[in-house]
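Worksheet: the structure to be examined is printed underneath.
Any read-out appearing in this document is the output of simple, stated calculations on the displayed coordinates, not a laboratory observation. What you see is a predicted model, and the numbers here were worked out from it, not measured in a lab. Here the Cβ is made from the backbone with ideal geometry for all residues, glycine too, and neighbour counts use every protein chain on show.
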Amino acid sequence: MDLQKSAFIALLVLAALIAPASLPALASAGSSSGTSRNALLKSPQLWATIDVCSPTDQPDTIGVRGSMPPGNQPGDTMYMRFRLQYMEPADKQWVDLAGSASSFVAVGSAKAARQAGRSFQLVPVPGKPAFILRGVVSFQWRKGSKIEESISRPTTAGHQSLAGADPAGFSAAACSIG
């Protein structure tokens, strides 16, 4: 990566903000006892989406939200980690945006499906073209400190956020900032 691109990426991430209303795990459908790994990984409740993409009331902000199904075992706790990737213009590959990854955040008991989200405030570099961004959410089901299951999903469109979408109902796979 050249020095100019590295400087651009360093300037792009100003701050990562956790919206208090969107971070707590929100229970939705059903409980589970002994869900198989295959069922977890193929569940329609396992998804990531962009639910905020620089709306007028939140310019240069991108919100990433994830949903995960109930876990395999009673007593499991669910965790999510959020990060951004940008589309490298030269080779059309997704690249992790330096400094954008959150730590894993506990989103609640694995007795019910959960949603959580994170917003990132970005600072576009004047005179540079817009960047296309997507989110990636990493999901973990843990029993104590032991990871029982783990998987990551890139953002896709067509999902229903229980909180935080701006405008209401917004769901996208990618977002252009800049």
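Full extension of the chain segment joining Asp60 with Gln73 gains 0.7 nm, where the gain is 0.36 nm per residue of separation less the Cα-Cα distance.
Each part reduced to its alpha carbon centroid, segment 88-123 and segment 137-165 end up 9 Å apart. With a cut-off of 10 Å between beta carbons, the residues surrounding Thr155 carry a summed charge of +2, where Lys and Arg count +1 and Asp and Glu -1.
Taking label points 7 Å from Cα along the Cα-to-Cβ direction, Ala173 and Gln160 give a separation of 2.2 nm. The H on the amide N of Ser171, modeled in the peptide plane, is under 5 Å from the matching H of Gly158, each at least 5 residues off or on a different chain. Each other residue within a Cβ distance under 12 Å of Ala116 adds +1 if Lys or Arg and -1 if Asp or Glu, for a net charge of +3.
With a Förster radius of 35 Å applied to the C-beta separation of Trp94 and Asn38, the computed FRET efficiency comes to 0.85.
Among Val137, Val105, Val125, the ranking by other beta carbons within 10 Å of each residue's beta carbon, starting with the fewest, stands as Val125, Val105, Val137. Extension gain, Lys143 to Met87: 0.36 nm times the residue separation minus the Cα-Cα distance gives 16.6 nm. Cross-link pairs exceeding 29 Å between alpha carbons, from the set Lys92/Lys143; Lys42/Lys111; Lys42/Lys146: Lys92/Lys143. In this structure, Val123 and Ser103 have a Cβ-Cβ separation that, at R0 = 30 Å, corresponds to a calculated FRET efficiency of about 0.85.
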